[in-house]
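Taken together, the values in this text are just the output of simple stated rules run on the coordinates, not laboratory data. None of the values given here were measured: they were computed from a predicted structure. We place every Cβ from the backbone using ideal geometry, glycine too, and count neighbours over all the protein chains shown.
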Amino acid sequence: MSQRKNIPADIQKQVLLKSRRRCCLCFWLDGVDEVVKGQIAHLDQDSSNNKVENLAFLCFDHHDEYDGRPNVSKGFQRQEVAQWRDELYKEMEYRFRSVRSRKVQLTVYRFDAVDPGVTFRLDLRLKNVGEATIKNATLSIRLPENVTAESPPKPPVRHSMPHPLGGEYEIPMPSVDLPEMFGFDESTENFFEPSGRVGIYSMHPMNRGLLPDHSLEISGLGFRNEDYPDGAELTLEFRVDADEMDPQMGKLQLIVPTELEWLLQDPERYGLSKDITLEELEQQVNTADDS
């Protein structure tokens with residue numbers, strides 16, 4: 001009779017990591033894809049043989065059944081369990097490699113003043129910071145109170161026209177703003193809370209792949225300055241889903257710009273250099289006030 005030896009810690013670690021604590025028999029025969037309580041079994045039933053290829057993680061029930069298997073064809077055979085174990089290792093390795101190589105990063109790079117002092121929206125950047133192409137990505141954002149999935153409309157543009165009797169008069173003209181065909185849509189989901197309001201953006205059907213180190217720029221969500229005034233703190237909870245990638249969730253902690261910081265969001269819109277700093281802008285304002 002062989003002398004029982006404890007399985008070395010490094011060997012145990014290999015078996016547990018390779019199996020992700022899944023019982024190969026539960027996984028393949030019963031469809032149980034979750035962590036279970038169990039033990040490391042010796043396939044040749046020699047407790048002194050602690051080679052990795054002789055070991056498999058089994059749930060308590062399957063371990064007892066395997067060790068007490070009868071010498072008939074219906075009992076689990078060594079080659080059978082070894083085959084299920086090897087297939088489980090391949091599946092877990094594939095999953096780990098796929099999840100690890102697919103990763104995204106969400107940032108807000110600009111607060112866009114749609115109607116300055118009245119409404120604004122956000123310009124977001126979804127970047128692939130992993131090693132594999134992200135396919136069919138969907139971005140979901142929990143909508144805070146008083147925030148809409150749709151961007152706020154731009155105010156009408158006023159044009160001055162000469163008046164027949166002299167002088168000028170203004171004609172309000174609707175602002176020509178192309179609809180955001182691929183912006184956010186509001187939905188009710190359980191992602192963040194039961195039946196919560198969520199803004200959802202899905203990649204365009206003609207371009208469903210995001211290459212590594214590439215980004216998507218997304219504009220949307222509607223905010224009112226009276227609800228989110230200058231300097232207010234804003235938290236956005238988000239979730240990103242994509243093919244062959246576990247859902248990635250996170251939070252963006254933002255602060256609404258204040259006064260001159262709004263101009264720096266899009267300086268060229270206000271006739272300023274695109275590289276102007278806050279200090280340079282403050283200096284220009286102070287110079288204008290002194291003159």
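If we count every other residue with Cβ under 11 angstrom of residue 193's Cβ, Lys/Arg +1 and Asp/Glu -1, where does the sum land?
Local charge sum for residue 193: 0.
³J(HN,Hα) across the range 41-56 via Karplus (A = 6.51, B = -1.76, C = 1.60, θ = phi - 60°), whole Hz, x for Gly/Pro?
Working through the residues one at a time gives 9, 8, 5, 8, 6, 9, 5, 8, 8, 9, 6, 4, 5, 9, 10, 8 Hz.
Would you mind putting 114-121, 7-14, 133-140 in packing order, based on average other-beta-carbon counts within 10 Å, highest first?
Values: 114-121: 17.2, 7-14: 12.4, 133-140: 19.0.
Ranked by mean Cβ neighbours within 10 Å, highest first: 133-140, 114-121, 7-14.
For a quick check: sort 66, 94 by the number of other beta carbons within 10 angstrom, fewest at the front.
Working: 66 21, 94 11.
Fewest-to-most Cβ neighbours within 10 Å comes out as 94, 66.
If you bin every alpha carbon distance in the range 9-100 into 5 Å steps from zero, what whole percent lands in each bin?
That works out to 2, 14, 26, 27, 18, 8, 3, 1, 0, in percent per bin.
List, in order, the whole-Hz ³J(HN,Hα) value for each residue of the range 242-250 obtained from phi through the Karplus relation with A = 6.51, B = -1.76, C = 1.60 and θ = phi - 60°; use x for Gly and Pro.
7, 4, 6, 9, 5, x, 10, 10, x
Looking at the range 1-62 from every direction and averaging, what is the projected area of its Cα convex hull in nm²? Can you show the working numbers first?
Values: hull surface 17.1 nm².
Quarter of the Cα hull surface area: 4.3 nm².
Taking neighbour counts of Cβ atoms within 10 Å as a proxy for exposure, in what order, fewest first, do 129, 104 appear? Please list the in-between numbers first.
On the way: 129 12, 104 21.
Sorted ascending by nearby Cβ count, the order is 129, 104.
Along Cα→Cβ, 7 Å out, is where each label goes; now give me the distance between the ones at residue 190 and residue 39 in nm to one decimal.
3.8 nm
Would you mind putting 216-222, 37-43 in packing order, based on average other-beta-carbon counts within 10 Å, highest first?
On the way: 216-222: 19.4, 37-43: 17.7.
So the order, starting with the most tightly packed, is 216-222, 37-43.
Got a sec? How would 15, 32 order by Cβ neighbour count within 10 Å, fewest to most?
32, 15
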